[in-house]
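Below you'll find the structure, written out as structure tokens, and then a few comments.
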Amino acid sequence: MELVSRQDPHLREVLWFAARCRALTLLLQALFNLLIPDHAADAFSPPRLSEPGRWDLLLEQLLGGLCRWDAEHFLFIAERGYLYEHNCAFFPLFPLSLRAAAEAALWPLQPLLRVRSRLLLSATLLNSLFSVLAAAALYRLGCVVLRSRRVAFLAALLFSLSPANVFMAAAYSESMFAFLAFSAMWQLEKGQSWLSGFLFSLASGVRANGLINAGFLLYSRGQCFAHQLQGGSGSIRKLPLLWRQLLSMVTSAVVMCAGIFLPFALFQHYAYVRFCGPVTGLEQSVPKPLLQLALDKGYRLVAMNGVKPPWCSQRFPVVYSYIQDVYWNVGFLRYFELRQIPNFLLALPVTLLGLWAAWTYVTANPRHCLTLGLERRKSEEEGKPRAGFCCFTVFVYVVHATVLLAFGFFCMHVQVLTRFLGSSSPILYWFSAHLLHEHEPWLWSDGTESQTATPGSEKSLLGKSDSGGKGAPGNPVVRLLQNAGLISPRSRCVLGFFVSYWLLGLVLHCNFLPWT
């Protein structure tokens, strides 16, 4: 996958800005972790079974803020495997990648660092890489979907200041998922359906919400077929051909969707074999400190005492939904309690942005939304599509983001909405860029010219520089920050949300304080 083009200074600026933001993130988390004492949180914290060396202690001082909360699960799984039942809420591709990097790329450090330290270093390096590549993939995706290089450029820069920034840097799977999901969306827009399906399949091995990405493939196939039906006057004479095309479309869609669901199904089967199968004496090989932790915290080990967990007896034994239900009380309206009001307030900005984005799009394209985007429009036939956030090609992404928003608000711990949407959907960044682009026209006062293109002309769109080929363009996000006192209140609120959550996440999360 080509993510860098020498002829595109915007992409180079995106990569450069994303790398600088990631370096600043690592620096600030180390500083905050040093200056602010850690909160004594009731979180998963397995005992260290080996004494750390001086290099381990140094690495812990530098990167310790990146192994808080759920990061402990990922590091533990990468080191020990799925020892406890509730570890199965975290999907395997990211821990496997950490272990592979620690054993292969970082093998020269084995005499200096213990396994956990190398895993933490692997997580830091991999997530730094994935977050930069995700920004580049988001820029390329935006150029094709939005047909506006300016909005795509601004959205990719905002991604580097994501409100979910700390989770993109910490030992979480958000960066890897964002890179795979945005890359898959980009490949699908270019017509590379099978490569897109493969990347979506990998994404579903990273996070459970990757399953919903199958909707992109289904919609793409359905839209193509619907446009073919509206394409000519001889449709009745071509009926046998249309049936063959329908059969081919359904077959390919089923195969690709099955590929997306396959990692989830394989992982559930692995968990069933591990926790519901016959006892293999594994419990006796578990170190005593980890056994004691299970007794103290009530964690279920593999076939502990020969008693199988309740989910093993279900008709469709799915450990993931069982863990979400029993361990974390995740379910429809379960989080709607008075004591959760602070968490709802924490999720309010991203909720309002998501609803605002959906409303803006629907009011701008009511007929397109009512026909589910399946009606062939005259502007498409004439080759003069609209550009920007309200163009027709954004429809499926708005639907995707709205579904995620509704599910997260009503069925999940609502405070995770910010990172849930920030790592899964481009809409948060596209709509924010749209608002800034519309209300701050002076951002583009350097003489650049807007460019639009049809979906098939990505090469012409990305092969030219808006700045006339005279080097990298100016960074509009930096210009906004430098002139924060001059921008409109609406733009100040949008930019303030990104910057404040970017910074507060580092302060709170890295010291075991509650965050999103």
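The values are calculated or read from the model by the stated rules, or taken from the named source; none is laboratory data. In this text the structure is predicted, and so the values were computed from the model without any measurement. Please note: Cβ atoms are built from the backbone with ideal geometry, for glycine as well, and neighbour counts cover all protein chains shown.
Within region 78-113, the only residue that satisfies the criterion of being modelled with pLDDT of 95 or more and of a type in the set (Lys, Arg) is 99. Between 68, 80, 149, the distinction of being among the basic types (Lys, Arg) and surrounded by fewer than 24 Cβ atoms within 10 Å (Cβ to Cβ) belongs to 80 only.
Figure legend. Inter-residue proximity from region 336-351: first residues more than 17 Å from residue 407 (Cβ to Cβ) and free of Cβ contacts under 8 Å to residues at least 12 places away in the same chain, second residues surrounded by 12 or more Cβ atoms within 10 Å (Cβ to Cβ) and of a type outside the set (Gly, Ala, Ser), beta-carbon distance below 9 Å, spacing 6+ or different chains. Indicated pairs: 342/415; 342/514.
When restricted to residues that are under 23 Å from residue 293 (Cβ atoms), among the hydrophobic types (A, V, I, L, M, F, W, C) and in a helix (DSSP H, G or I), region 71-115 contains 12. Residues 448, 516, 454: which one is at pLDDT below 90 and surrounded by fewer than 17 Cβ atoms within 10 Å (Cβ to Cβ)? Every option except 454 fails the conditions. Can you confirm whether residue 432 is surrounded by 14 or more Cβ atoms within 10 Å (Cβ to Cβ), within 27 Å of the chain's Cα centre (by Cα), modelled with pLDDT of 90 or more and not in a loop (DSSP other than H, G, I, E, B)? Taking the combined requirement at face value, the residue satisfies it. Go through the residues of region 124-145 one by one and say whether even a single one is assigned to a helix (DSSP H, G or I), among the small types (Gly, Ala, Ser), touching a helix residue (DSSP H, G or I) at 6+ places or on another chain (Cβ under 7 Å) and farther than 30 Å from residue 389 by Cα. For region 124-145, residues assigned to a helix (DSSP H, G or I), among the small types (Gly, Ala, Ser), touching a helix residue (DSSP H, G or I) at 6+ places or on another chain (Cβ under 7 Å) and farther than 30 Å from residue 389 by Cα: absent. Taken over region 412-429, the residue count meeting the criterion of being assigned to a loop (DSSP other than H, G, I, E, B) and under 21 Å from residue 183 (Cα atoms) is 4.
Residues are listed down the side, and each one gets a yes or a no for (1) within 30 Å of residue 263 (Cα to Cα); (2) touching a helix residue (DSSP H, G or I) at 6+ places or on another chain (Cβ under 8 Å); (3) hydroxyl-bearing (Ser, Thr, Tyr):
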{"site": "296", "(1), (2), (3)": "no, no, no"}
{"site": "308", "(1), (2), (3)": "yes, yes, no"}
{"site": "316", "(1), (2), (3)": "yes, no, no"}
{"site": "322", "(1), (2), (3)": "yes, yes, yes"}
{"site": "329", "(1), (2), (3)": "yes, no, no"}
{"site": "343", "(1), (2), (3)": "no, yes, no"}
{"site": "355", "(1), (2), (3)": "no, yes, no"}
{"site": "363", "(1), (2), (3)": "no, no, yes"}
{"site": "369", "(1), (2), (3)": "no, yes, no"}
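Can you spot a residue in region 180-188 that is farther than 19 Å from residue 144 by Cα and either of a type in the set (A, V, I, L, M, F, W, C) or outside any helix (DSSP H, G or I) (or both)? Checked region 180-188: no residue is farther than 19 Å from residue 144 by Cα and either of a type in the set (A, V, I, L, M, F, W, C) or outside any helix (DSSP H, G or I) (or both).
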